[in-house]
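The values are calculated or read from the model by the stated rules, or taken from the named source; none is laboratory data. No experiment lies behind these values; they were computed from the predicted model shown. Quick reminder, even Gly has a Cβ in these numbers, built from the backbone with ideal geometry, and neighbours come from all protein chains shown.
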Amino acid sequence: MKIFLLRSLNYIAWSYAYIGLLYALYFIYFIVVPNYREQNQLSNTVYLIFNIVFLYFFSQGYLNMILTTFGSMSNSNEKKTDRYCDTCLDYTRERSHHCYLCRTCIPTQDHHCFFVGTCIGKHNQLNFLLMLFHLICAHLIGYGFVCNYLWNELGGFHFVTFLKIFLFNIGYVVGFVKTKWEAFICLHHYLVYFDIGFISSLFYHMMKRSLNGQTYYEEKKKILRKKQNFSQIFGSNKLILIFPFVRP
């Protein structure tokens, strides 16, 4: 029963991540941009710059999310050892752990990420870190573009508006948030703040463990490993976080 619930959560979170990002594009280009055009608040120059910068980071983040989810473990250069997995009925790589959701042993497993629907390990750590970095940038740029619209829909940048955003569910019930549209806009604010905070925290902790050469389990158990530098994690190309679609 526990495995069934976890697999159900895996599909729900995976769908939220993939569909949610596509919905963000719809919200920006079919709701916010037409409103800016109607109010004459968007110049062609600003719109062009936004498209170039935002779509680059968004596409990089989405591409690396796909590569994280569907990346093959065959590219792991760790050789199999004499460690035997009773579930896989096969010898496994060193520091690997069996994941009952992925139904296989994951080399140097850090954790199972429900939002990408797979385990993060040696084979997809790079893509996962790149995904997090670019999605943080895309969220910040996207929110910077739509924030004026979101705040205006709630009556402007005021303390009362903050209360509406963070208490929108209760506020709608008691009448503090007056319409379904206001509650809908409050939900958008809340989700953006949550996503930025969650992804930033995850990126920080993943980078910290990666630089320390540890997995989540090893960090929790205080098992020390040989530290890594930037090049060992991302490859020799130091512009990999910025330069379009480069690979080590």
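Assorted remarks:
- One residue stands out among those in the stretch 134-156 that are in contact with a Ser or Thr (Cβ under 7 Å, 6 or more places away or on another chain) and part of a loop (DSSP other than H, G, I, E, B): the one that is farthest from Gly197 (Cα to Cα), which is Gly155.
- With respect to the conditions (1) farther than 30 Å from Tyr217 by Cα; (2) touching a Gly at 6+ places or on another chain (Cβ under 6 Å), Val173 falls short on a single one, namely (2).
- Residue pairs whose Cβ atoms lie under 8 Å apart, sitting 6 or more positions apart in sequence or on different chains, and linking a residue in the stretch 190-218 that is buried (at least 17 other Cβ atoms within 10 Å of the Cβ) to a partner that is of a type in the set (Val, Ile, Thr), are Ile199/Ile136; Phe203/Ile136; Met206/Ile120; Arg209/Thr215; Ser210/Ile233; Gln214/Ile223; Thr215/Thr108.
- Segments classed as helices (runs of 4 or more DSSP H), wholly inside the stretch 172-240, with at least 2 members that are under 23 Å from Gly61 (Cα atoms) and of a type in the set (Gly, Ala, Ser): 180-211
- Pairs with Cβ under 6 Å, 6+ apart, first in the stretch 25-49 and of a type outside the set (Val, Ile, Thr), second surrounded by fewer than 14 Cβ atoms within 10 Å (Cβ to Cβ) and outside any helix (DSSP H, G or I): none
- Only listed residue being within 28 Å of His112 (Cβ to Cβ), of a type outside the set (Val, Ile, Thr) and modelled with pLDDT of 80 or more, chosen from Ser231, Ser210: Ser210
- Whenever a residue of the stretch 104-131 is within 17 Å of Tyr217 (Cα to Cα), its partners that are assigned to a loop (DSSP other than H, G, I, E, B) and aliphatic (A, V, I, L, M), lying with C-beta atoms within less than 8 angstrom and at least six residues away or across chains, give the pairs His112/Leu101; Cys119/Leu101.
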